1. Are there any pairs, at least 6 apart or on different chains, whose C-beta atoms fall under 6 Å, with the first in segment 158-182 and free of Cβ contacts under 8 Å to residues at least 40 places away in the same chain and the second open to solvent by less than 40 Å² (accessible area, probe 1.4 Å) and among the aliphatic types (A, V, I, L, M), and if so, which?
2. If Leu324 meets every condition in (1) under 20 Å from the mean Cα position of the chain (by Cα); (2) among the hydrophobic types (A, V, I, L, M, F, W, C); (3) at pLDDT 90 or above apart from one, which number is that one?
3. Which condition does Ala273 not pass, out of (1) over 27 Å from Tyr344 (Cα atoms); (2) small (Gly, Ala, Ser); (3) in contact (Cβ under 8 Å) with a residue 60 or more places away in the chain, if it passes all the others?
4. Can you tell me how many residues within segment 103-123 are open to solvent by 20 Å² or more (accessible area, probe 1.4 Å) and assigned to a helix (DSSP H, G or I)?
5. Residues in segment 332-358 that are open to solvent by 70 Å² or more (accessible area, probe 1.4 Å), farther than 22 Å from Gly407 by Cα and of a type in the set (Phe, Trp, Tyr): how many?
6. Quick one: which of Gly78, Gly100, Gly153 is under 28 Å from Ala16 (Cβ atoms), at pLDDT below 85 and surrounded by 21 or more Cβ atoms within 10 Å (Cβ to Cβ)?
7. Quick check on this structure: which one of Ile386, Ile398 is in contact (Cβ under 8 Å) with a residue 40 or more places away in the chain, open to solvent by 50 Å² or more (accessible area, probe 1.4 Å) and either of a type in the set (Asp, Glu) or within 23 Å of Gly64 (Cα to Cα) (or both)?
8. Considering only residues that are open to solvent by less than 20 Å² (accessible area, probe 1.4 Å), among the small types (Gly, Ala, Ser) and at pLDDT 80 or above, which ones fall in segment 265-297?
Amino acid sequence: MLSNYIKEFPINLRLAYPVMIGQLGNVMVGFIDNVMVGELGASALAAVSLGNGLFFLALSLAIGFSLSITPLVAEADGQHDHKKISLLLKNGVALCTLIGFSLYVVIKLLQPFLKLLDQPEEVVILADPYINILAYSIIPLAIFQATKQFSDGLSVTSYAMIAAVVGNLLNVFFNYVLIYGKWGFPKLLLEGAAIGTLIARWSMVLFMVVLFYNKQSFKVYLENIYSNILQLKTVRNLLKLGFPAALQMLFEFGIFISSIFLSGLLSAEAQAANQIALNVASITFMVAVGLGVTATIRTGNQLGKKDFKALIRIIRSILLLVFLIELVFAIILILLKDYLPTLYIADLNVINIASYLLLVVACFQISDGFQVVLLGTLRGLQDVNIPTLCLFVAYWCIGFPISFYLGKSTNLGSVGIWVGLFVGLSVSSGLLYFRYTYLTKKFLKNKKR
């Protein structure tokens with residue numbers, strides 16, 4: 001029985017590893033920013049955290065809307081419907097571009113409210129010019145997500161990986177020369193980090209466009225590229241899946257982003273430590289995302305083929321694989337909890353707080369991995385409304401109140417905030433598992449009729 005699941009590992013990993021590397025590439029943009037800015041002090045690192053908190057609220061919506069592209073493309077690919085795939089490409093990119101511009105406006109409208117959230121004054125002052133530049137990068141990131149999710153839906157997951165590597169190399173270079181003023185470039189500090197990020201994200205879009213136009217297998221989908229853009233039926237299908245998926249991402253990203261603002265009520269040091277824990281957690285999370293995308297792709301393909309027995313076997317194999325990977329991550333985080341924060345900053349107080357937070361991060365690795373894979377599976381089944389409700393209950397009815405109470409009203413402080421995140425993730429994975437088992441039993445029962 002176990003061998004039936006293990007034999008699926010190579011297929012799962014072949015699809016997942018480029019997504020993992022690509023997603024890690026996105027996170028590494030933030031990691032590089034954090035490490036380089038961390039040398040400027042705790043307030044500077046906290047400012048980047050605050051700016052990224054606002055940015056990631058918008059990013060969660062951009063990613064969420066783009067996620068609708070993958071299961072629809074995967075299903076159409078399973079049916080060999082090239083016309084439908086072409087329509088999804090054109091309309092998906094057009095829709096995400098419009099969403100990117102809209103989210104830029106949202107970021108700029110929300111930016112003044114940071115001063116009303118009782119954050120450290122010096123942090124808000126440093127964050128303001130950083131956000132002014134970073135906000136522009138939501139536009140290329142939304143476009144990149146559309147191209148990424150499209151190629152993922154065709155089981156071609158390596159393109160986004162290569163684009164992310166290219167983007168990271170450019171980000172390292174421009175961060176180095178613009179933050180510190182090297183080789184004749186101006187010393188722009190935090191603004192330099194934002195400019196480096198903006199350049200990196202536009203380069204990723206350019207790379208994907210060049211790949212699409214130069215790969216023979218993709219040219220069939222680019223014919224009459226400017227016709228049927230924003231076709232009502234296709235856009236409606238994308239929004240039908242994309243809007244709930246965007247809410248899912250908003251609820252999940254939002255609970256973690258809330259930790260930025262809650263820790264800001266404690267001190268700049270607590271906020272800096274929180275940013276370190278967030279960045280480390282996001283690195284392990286993006287590995288799980290690779291398997292979540294794999295679950296979406298393979299579920300979408302099996303849905304198109306109506307082979308639900310194979311679907312169940314595949315998803316069980318992915319759950320087993322994510323369990324083993326996240327268990328390794330948990331052990332690594334426990335062993336390196338005192339060392340990892342030193343990569344970001346030299347402030348001993350920040351390092352001490354961050355080391356405790358990494359223990360909590362270690363504890364929720366398996367729950368986090370399960371909920372990502374289960375959410376990807378349900379997205380592949382095009383079931384998005386009930387899972388959205390599950391996430392809202394888990395994170396905002398249970399997790400956030402615990403974070404708020406333990407962080408503000410007890411001596412646990414930052415650790416209490418992250419205990420709430422741990423509870424939210426655990427409840428989320430449980431609720432999503434119940435939904436998955438209900439649907440798969442329903443599909444099998446209907447097939448027997």
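The values are calculated or read from the model by the stated rules, or taken from the named source; none is laboratory data. Bear in mind that the values here come from a model prediction, so they are computed numbers and not experimental data. Virtual Cβ from ideal backbone geometry, glycine too; neighbours counted across all protein chains shown. Protein only, heavy atoms only, side chains kept; ligands, DNA and RNA dropped before computing areas. Shrake-Rupley method; radii C 1.70, N 1.55, O 1.52, S 1.80 Å.
1. Partner pairs satisfying both residue conditions: Leu170/Ala200.
2. Among (1) under 20 Å from the mean Cα position of the chain (by Cα); (2) among the hydrophobic types (A, V, I, L, M, F, W, C); (3) at pLDDT 90 or above, the lone unmet condition for Leu324 is (1).
3. All conditions pass for Ala273, except number (1).
4. 12
5. Matching residues across segment 332-358 total 1.
6. Values: Gly78 fails: surrounded by 21 or more Cβ atoms within 10 Å (Cβ to Cβ); Gly100 fails: at pLDDT below 85.
None of the others qualify; the one that does is Gly153.
7. On the way: Ile398 fails: in contact (Cβ under 8 Å) with a residue 40 or more places away in the chain.
Within the list Ile386, Ile398, the selection yields Ile386.
8. Restricting attention to segment 265-297, the residues satisfying the condition of being open to solvent by less than 20 Å² (accessible area, probe 1.4 Å) are 268, 270-277, 279-281, 284, 287-288, 290-297.
Now narrow it down to the ones that are among the small types (Gly, Ala, Ser): 268, 270, 272-273, 277, 281, 288, 290, 292, 295.
Residues satisfying the conditions are Ala270, Ala272, Ala273, Ala277, Ala281, Ala288, Gly290, Gly292, Ala295.
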